[in-house]
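S.K.: Let me begin by handing over the structure; questions about it come next.
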Amino acid sequence: MPAFSLDPPQSAWCAELRALAAERLRPLAEKGEPGHVNRALVAELGQLGLLERLFTSGAVDLCLMRESLAYACTEAETALALQGLGAHPVHAHGTPAQRDRWLPRVADGTAIAAFALSEPAAGSDAAALELRAEAGASELVAESDGGARWRLTGEKCWISNAPEADFYTVFARTTPGAGARGVTAFLVPADRPGLTGTGLDMLSPHPIGALSFDAVPVTADDVLGEIDRGFRVAMGTLNLFRPSVGAFAVGMAQAALDATLTHTAERDAFGGKLKDLQSVAHQVAEMALRTEAARLMVYAAATAYDEGAADVPKRAAMAKLLATETAQYVVDQAVQLHGARALRRGHLLEHLYREVRAPRIYEGASEVQRGIIAKELYATREAAQ
């Protein structure tokens with residue numbers, strides 16, 4: 001894999017994105033209500049053409065967008081990422097009718113998407129999900145005459161953008177006892193009868209909720225991909241988005257590092273500037289080292305995805321793991337070097353300290369990423385024997 005570096009157009013685009021995030025997106029983010037979808041912010045992302053790029057660009061561009069937006073406005077970054085996560089299965093596996101109905105609205109910011117995989121008892125172990133898709137007659141009238149019909153019964157939990165999304169990519173068990181091989185992905189509009197949701201009071205500022213499915217009708221026209229092959233839809237989506245979660249983390253780490261450079265260069269302490277203390281200078285150097293290492297791994301994984309490399313699952317897991325753990329470390333050290341001021345409500349680092357924790361859990365916790373890496377390593381060894 002060649003070393004990654006930005007070319008001049010990419011560097012200019014990242015600078016433009018940071019400026020847009022600071023000047024046009026952050027003011028809208030500040031007007032949003034925590035725990036709720038900020039539709040004005042999503043609409044502005046659409047107006048700027050960034051949401052459309054979710055479907056026309058590769059993994060590297062997705063990472064560039066997420067890192068650049070995260071640096072200046074984490075709320076805008078998250079809003080963009082959640083649109084992509086919820087709608088990518090439709091883009092990659094949807095029928096022409098599904099794509100025509102939803103993707104233009106996602107791209108212009110008028111429809112909110114959500115990715116509904118996790119359940120109360122099946123978070124990290126996604127293959128153990130229990131939401132049932134029970135075959136049977138449906139009262140829902142399909143445009144076509146036929147195919148299988150199901151009723152979805154069960155719960156989803158920890159779903160970003162729930163319960164305020166306009167549609168959900170839902171993963172349900174169509175074959176009991178079949179593990180990952182018995183899951184089907186469905187596109188479920190939010191207005192389907194029997195689908196209800198409640199918001200959860202979480203640390204993150206974006207909405208996260210639980211969904212209840214009470215015999216929600218779905219038909220063959222709602223299937224994304226193939227029946228009983230929905231786990232592939234989920235994992236394919238996560239392989240694309242895990243490196244970009246790492247890019248989100250790198251953007252936060254870089255913002256924390258830059259704030260620390262400014263603070264330690266200007267802060268008077270012990271007869272000089274903080275930066276003149278060797279312990280402080282070495283700590284800042286360590287923060288920079290880890291941030292750059294994480295950045296390189298993120299873009300190596302994204303490049304591998306765009307090139308169709310065989311080891312994408314391993315690289316994606318490595319990128320997410322290293323970058324999210326690194327961002328936690330860098331932000332924590334930045335808080336320590338700033339002192340009590342960093343814990344004051346409204347301070348950049350107080351905001352980042354709250355934002356940086358969740359990425360180590362969602363889209364596969366750090367422990368899950370280590371499991372994926374080990375599995376892929378041993379599979380490669382066995383294949384070589």
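S.K.: Among (1) more than 24 Å from ALA285 (Cα to Cα); (2) surrounded by 22 or more Cβ atoms within 10 Å (Cβ to Cβ); (3) under 15 Å from the mean Cα position of the chain (by Cα), there is one condition ILE361 misses while meeting the rest; what is its number?
M.R.: Unmet for ILE361, out of (1) more than 24 Å from ALA285 (Cα to Cα); (2) surrounded by 22 or more Cβ atoms within 10 Å (Cβ to Cβ); (3) under 15 Å from the mean Cα position of the chain (by Cα): (2).
S.K.: Would region 259-277 turn up any residue that is within 16 Å of GLN336 (Cα to Cα), assigned to a helix (DSSP H, G or I) and in contact with a Ser or Thr (Cβ under 6 Å, 6 or more places away or on another chain)?
M.R.: For region 259-277, residues within 16 Å of GLN336 (Cα to Cα), assigned to a helix (DSSP H, G or I) and in contact with a Ser or Thr (Cβ under 6 Å, 6 or more places away or on another chain): present.
S.K.: Determine which single condition ASP276 fails, assuming it passes every other condition in (1) loosely packed, with under 14 Cβ neighbours inside 10 Å; (2) touching a residue at least 60 places away in the same chain (Cβ under 8 Å).
M.R.: Tallying (1) loosely packed, with under 14 Cβ neighbours inside 10 Å; (2) touching a residue at least 60 places away in the same chain (Cβ under 8 Å), ASP276 fails exactly one: (2).
S.K.: Next up: Can you confirm whether region 179-190 contains a residue that is modelled with pLDDT of 95 or more, among the charged types (D, E, K, R) and at negative phi?
M.R.: No, that holds for no residue.
S.K.: Check THR260 against each of (1) assigned by TED's automatic domain parsing to the domain that holds TYR299; (2) touching a residue at least 40 places away in the same chain (Cβ under 8 Å); (3) within 30 Å of ASP306 (Cβ to Cβ) and name the one condition it does not meet.
M.R.: Checking THR260 against (1) assigned by TED's automatic domain parsing to the domain that holds TYR299; (2) touching a residue at least 40 places away in the same chain (Cβ under 8 Å); (3) within 30 Å of ASP306 (Cβ to Cβ), the one that fails is (3).
S.K.: While we're looking at this one, here's another question. Condition first: within 22 Å of VAL223 (Cα to Cα) and of a type in the set (Val, Ile, Thr). Now tell me which residues in region 234-256 satisfy that.
M.R.: In the first step, residues of region 234-256 are kept if they are within 22 Å of VAL223 (Cα to Cα); the result is 234-241.
Result: THR237, single match.
S.K.: Within region 313-323, does at least one residue satisfy the condition of being part of a helix (DSSP H, G or I), without any contact (Cβ under 8 Å) to a residue 40 or more places away in the chain and out of contact with any Cys (no Cβ under 9 Å at 6 or more places or on another chain)?
M.R.: no
S.K.: Can you tell me which residue is farthest from LYS314 (Cα to Cα) among those in region 1-54 that are part of a loop (DSSP other than H, G, I, E, B) and touching an Asp or Glu at 6+ places or on another chain (Cβ under 8 Å)?
M.R.: Looking at the filtered set, the residue picked out is GLY32.
S.K.: Which count do you get for residues in region 344-385 that are in a helix (DSSP H, G or I) and either acidic (Asp, Glu) or closer than 30 Å to ILE159 by Cβ (or both)? Explain how you work it out, then say what you get.
M.R.: So in region 344-385, the residues in a helix (DSSP H, G or I) come out as 348-355, 358-360, 366-384.
Pick out the ones that are also either acidic (Asp, Glu) or closer than 30 Å to ILE159 by Cβ (or both) and you get 348-355, 358-360, 366-376, 382.
Selection size over region 344-385: 23.
S.K.: Follow-up question, since we're still on this one. Which residues, taken from region 83-101, are in a helix (DSSP H, G or I) and surrounded by 22 or more Cβ atoms within 10 Å (Cβ to Cβ)? I'd like the intermediate steps shown before the answer.
M.R.: Taking region 83-101 and keeping what is in a helix (DSSP H, G or I), we get 83-93, 96-101.
Correct list: GLN83, GLY84, LEU85, GLY86, ALA87, HIS88, PRO89, VAL90, HIS93.
S.K.: Looking at region 283-308, which of the residues that are in contact (Cβ under 8 Å) with a residue 24 or more places away in the chain and over 30 Å from HIS263 (Cα atoms) is surrounded by the fewest Cβ atoms within 10 Å (Cβ to Cβ)?
M.R.: Restricting attention to region 283-308, the residues satisfying the condition of being in contact (Cβ under 8 Å) with a residue 24 or more places away in the chain are 283-284, 286-288, 290-291, 293-306.
Narrowing the set further to residues that are over 30 Å from HIS263 (Cα atoms) leaves 300-306.
Details: ALA300: 19, ALA301: 34, ALA302: 28, THR303: 20, ALA304: 22, TYR305: 23, ASP306: 16.
Among residues in region 283-308 that are in contact (Cβ under 8 Å) with a residue 24 or more places away in the chain and over 30 Å from HIS263 (Cα atoms), the one surrounded by the fewest Cβ atoms within 10 Å (Cβ to Cβ) is ASP306.
The values are calculated or read from the model by the stated rules, or taken from the named source; none is laboratory data. From a predicted model like this one, the values you see are computed outputs, not experimental measurements. Because the Cβ atoms are built from the backbone with ideal geometry, glycine has one as well, and the counts that use them run over all protein chains shown.
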